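Asks: Shown below is the structure under consideration.
All of the numbers you see were taken from the coordinates with simple rules; none came from a lab. None of the values given here were measured: they were computed from a predicted structure. Heads up, the Cβs are rebuilt from the backbone with ideal geometry, glycines too, and the neighbour counts pull from every protein chain shown.
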Amino acid sequence: REHAYVTVDDVLANRHKKSRYDLVIILDSINDPQNLGAIIRTAHCCGANGVIIPSNRAASVTASVVKASAGAVYRIPTAMTVNLVRTIEYLKEKGFWIYGADAASGVSFHAPDYEGHTGLVLGNEGLGIRPLIRKKCDFLISIPIRGEVASLNVSAAAGVILYEILRKWGKGS
């Protein structure tokens, strides 16, 4: 069956009852359905408002995504947008700070305080965040890596960063 996508405004209206701030995950060209499903599942577990995906050059919600999300895709709004750059601009107009996960950034994901409405941009499995979208991010953050492999899987990175945001927000958020 066709997935029931929502609007970006529907995502914004879905703030978790325990949160002071909105938390939105913006996915730039995630191609692997397993990664998309795992990120949606983690976003739901973290109490995020929802997930925003592009309408082209990316995985969409399919049976594989539903399975990888353990059904979480039915419990958290997913918006599909034609223009991620414009969507990020819209979120900024609504008071969001946009953080881009970028392995090349010299700024640890521990550094920001994540105060305020937060948008987390996660990029393509091989190429990362596209340049135009990277330029729209207020902050570029990375997860320090000790091993010889240069980066974490995008769904693992999502979990690490999302739980750091929740930790910074504290129990009451």
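Asks: Inspect all residues belonging to the range 10-30 and state whether any of them is surrounded by fewer than 22 Cβ atoms within 10 Å (Cβ to Cβ) and under 30 Å from residue 147 (Cα atoms).
Replies: Yes, the range 10-30 contains a residue that is surrounded by fewer than 22 Cβ atoms within 10 Å (Cβ to Cβ) and under 30 Å from residue 147 (Cα atoms).
Asks: When you scan the range 1-11, how many residues do you find that are free of Cβ contacts under 8 Å to residues at least 60 places away in the same chain, among the charged types (D, E, K, R) and touching a strand residue (DSSP E or B) at 6+ places or on another chain (Cβ under 9 Å)?
Replies: Within the range 1-11, residues that are free of Cβ contacts under 8 Å to residues at least 60 places away in the same chain, among the charged types (D, E, K, R) and touching a strand residue (DSSP E or B) at 6+ places or on another chain (Cβ under 9 Å) number 1.
Asks: Kindly indicate whether any position in the range 27-38 is touching a strand residue (DSSP E or B) at 6+ places or on another chain (Cβ under 6 Å), among the hydroxyl-bearing types (Ser, Thr, Tyr) and part of a strand (DSSP E or B).
Replies: No, the conditions are met nowhere in the range 27-38.
Asks: Might you let me know whether the range 133-143 holds any residue that is of a type outside the set (S, T, N, Q), loosely packed, with under 14 Cβ neighbours inside 10 Å and without any contact (Cβ under 8 Å) to a residue 12 or more places away in the chain?
Replies: yes
Asks: May I pose another question? Does the range 79-103 hold any residues that are surrounded by 19 or more Cβ atoms within 10 Å (Cβ to Cβ) and outside any strand (DSSP E or B), and which are they?
Replies: Within the range 79-103, 84, 87, 88, 91, 96, 102 meet the criteria.
Asks: Also, quick follow-up: Does the range 12-33 contain at least one residue that is free of Cβ contacts under 8 Å to residues at least 60 places away in the same chain, touching an Asp or Glu at 6+ places or on another chain (Cβ under 9 Å) and among the hydrophobic types (A, V, I, L, M, F, W, C)?
Replies: no
Asks: Then there is this: So for the range 17-33 (the condition being under 13 Å from residue 66 (Cα atoms) and among the hydrophobic types (A, V, I, L, M, F, W, C)), does at least one residue qualify? Lay out the reasoning, then the answer.
Replies: Taking the range 17-33 and keeping what is under 13 Å from residue 66 (Cα atoms), we get 32-33.
Cutting the leftovers down to among the hydrophobic types (A, V, I, L, M, F, W, C) gives us none.
Scanning the range 17-33 turns up no residue that is under 13 Å from residue 66 (Cα atoms) and among the hydrophobic types (A, V, I, L, M, F, W, C).
Asks: A follow-up question, please. For residue 106, indicate whether it is farther than 21 Å from residue 35 by Cβ, over 17 Å from the mean Cα position of the chain (by Cα), not in a helix (DSSP H, G or I) and not charged (D, E, K, R).
Replies: Details: farther than 21 Å from residue 35 by Cβ: yes; over 17 Å from the mean Cα position of the chain (by Cα): yes; not in a helix (DSSP H, G or I): yes; not charged (D, E, K, R): yes.
Here the answer is yes, as residue 106 does meet what is asked.
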